[in-house]
1. Are any residues in the range 262-301 of a type outside the set (Lys, Arg), in contact with a strand residue (DSSP E or B) (Cβ under 8 Å, 6 or more places away or on another chain) and under 14 Å from residue 251 (Cβ atoms), and if so, which ones?
2. Working only within the range 237-259, note down all residues that are in a loop (DSSP other than H, G, I, E, B) and farther than 23 Å from residue 421 by Cα.
3. Kindly list the number of the only condition in (1) touching a strand residue (DSSP E or B) at 6+ places or on another chain (Cβ under 6 Å); (2) more than 13 Å from the ligand (Cβ to nearest atom) that fails for residue 101.
4. Looking at 130, 99, which one is over 24 Å from the mean Cα position of the chain (by Cα), at positive phi and in the same structural domain as residue 154 (by TED's automatic domain parsing)?
5. Given the conditions (1) without any contact (Cβ under 8 Å) to a residue 60 or more places away in the chain; (2) buried (at least 19 other Cβ atoms within 10 Å of the Cβ); (3) β-branched (Val, Ile, Thr), which single one is not true for residue 266?
6. Keeping to the range 418-444, report how many residues are among the charged types (D, E, K, R), within 30 Å of residue 112 (Cα to Cα) and not in a strand (DSSP E or B).
7. Looking for something assigned to a loop (DSSP other than H, G, I, E, B), more than 15 Å from the ligand (Cβ to nearest atom) and touching a helix residue (DSSP H, G or I) at 6+ places or on another chain (Cβ under 6 Å) - is there at least one such residue anywhere in the range 113-122?
8. Just to be sure I understand, how many residues within the range 55-84 are not small (Gly, Ala, Ser) and not in a loop (DSSP other than H, G, I, E, B)?
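The values are calculated or read from the model by the stated rules, or taken from the named source; none is laboratory data. Just so we're clear, the structure is a prediction, and the values are computed from it rather than from any experiment. Cβ coordinates were reconstructed from backbone atoms using ideal geometry, including for glycine residues, and neighbour counts include every protein chain displayed.
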Amino acid sequence: MEDGSPKETSSYLKAVRDQYEAYPYPPRNPTDEKVRLENSWHDFLELINFYCFNGRSNFSQEFRVLVAGGGTGDQTIFLGEQLRYNRRAEVVHLDISEKCNEIARRRAEVRKLANITWVHGSVLDLPSLKLGPFDYINCVGVLHHMDDPRAGLQALRSVLKDDGAMSIMLYGKYGRTGVYQLQELLRRINLDATDLQAKLANTKIVLDSLPRTNWFKRSEDIIGDHKEFGDAGIVDLLLHAQDRPFTVDELYDLVEGCGLHVIELIERGRSKYKVESYIRDKRILDRVSALPRRQQQAIAELIAGDMIVHNFYVARRADTVASLEDLRNVPFYFLDPPRNVLELIDRNPGRSVKVSSTLYAATVEFVPGLYTRNLFKYLDGEHSLKEIFEQIRRDHGKTEQQLSNDELLNEFRPIYQQFNDLGWMLLRHRSVGKFRSLTEMQMPV
Ligand SMILES: C[S@@+](CC[C@H](N)C(=O)[O-])C[C@H]1O[C@@H](n2cnc3c(N)ncnc32)[C@H](O)[C@@H]1O
């Protein structure tokens, strides 16, 4: 393990480090690696490729990853596992807590992952640690625990390649309203408590006695760390030494203030951040839809009320998302291929078709056009849009003049958009092969 000799006074709060030494978060048992692979949604290579690399990265060239504030290793292990067979890939795990690093390292040992470098150090020291530059940086649940999140993001930016990208998670302000009320209550109750143990004991008593009217109690359907992760969960959620949440507007200010672009805010897909998901009235929707994306997303946050975190990708460039207009791209279902689309189309010719997914907790509804059945027939995750369109023309005995790519694309676009908004359908360039499946990676090592 490399020692980045974190400079206590300048680069992090001692209380934050002490907390994660005493209560590594999230608590993980390394031997569980033998039976399951934790996945962190935003670190699936398919998603990173779609959102951050125009669908063109096959991750088989040099690919350097930094997991900043990697904690007990969820993201590090998942990325390391996905990149296991790329000899030119490297994952650097950085954390100020030695205890967290130790747990993460033992997880990697159980999985026999040899592509991870372990660094004990602070994000704020990155400019001088000489670890970069990186193609992809993951920083989940860390910047909001810093005295100066902007300095943290600047430090990350300083080691990001020009065409690299980051995945960041910050706490959401409105969704955590009840958390901050309870933190305030606990600060008052814990005034005399001398250490974290004593505070924890008081907190458990308070948690057991909250009335149903309490805001934290009311939000227990969306916040569960205190139940799922025991003492470590309670400490991280309610007794944190430093914790500040962000609204959509505040996170844009932070990112843009550092000279970066928000590529996309996603919660599986982007539907959660789209005003269309909530507003039905056409007049109001027309007005709101005319606003810049950032303002629309801020409105979606205010309507939804339950965004406890914001997950988003950022980059220096603004144009990093794979485009449906590039016919060399291959459309594919992400994680949950529906088996019955053709059957549904055949069952009700010319009528509306509803395709549902339990994983995405959503339904896509469309009225099939003349060529929709064929589009779905050839959508196999192997063939590009160009190849699919050519096959449809052959089936119908038509030339490109008689049935243009534009006509086919116009029929497919609104259907793709619905699937893609949910995160259920993505694109990757034809030159990029399929990625390892979750099932393959979950196999015991
Ligand atoms: C809430 S945990 C998140 C861990 C991991 N990213 C995850 O999502 O599972 C926050 C982690 O950030 C680390 N951390 C906090 N401030 C840091 C800093 N300045 N530099 C490096 N790590 C830091 C803590 O030690 C802790 O492990």
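1. Result: 262, 263, 264, 265, 266, 267, 273, 297, 301.
2. Of everything in the range 237-259, those that are in a loop (DSSP other than H, G, I, E, B) and farther than 23 Å from residue 421 by Cα turn out to be 239, 240, 241, 242, 243, 244, 245, 258, 259.
3. Failing condition for residue 101: (2).
4. Answer to the check: 130.
5. With (1) without any contact (Cβ under 8 Å) to a residue 60 or more places away in the chain; (2) buried (at least 19 other Cβ atoms within 10 Å of the Cβ); (3) β-branched (Val, Ile, Thr) applied to residue 266, the lone miss is (1).
6. Counting residues in the range 418-444 that are among the charged types (D, E, K, R), within 30 Å of residue 112 (Cα to Cα) and not in a strand (DSSP E or B) gives 3.
7. yes
8. 13
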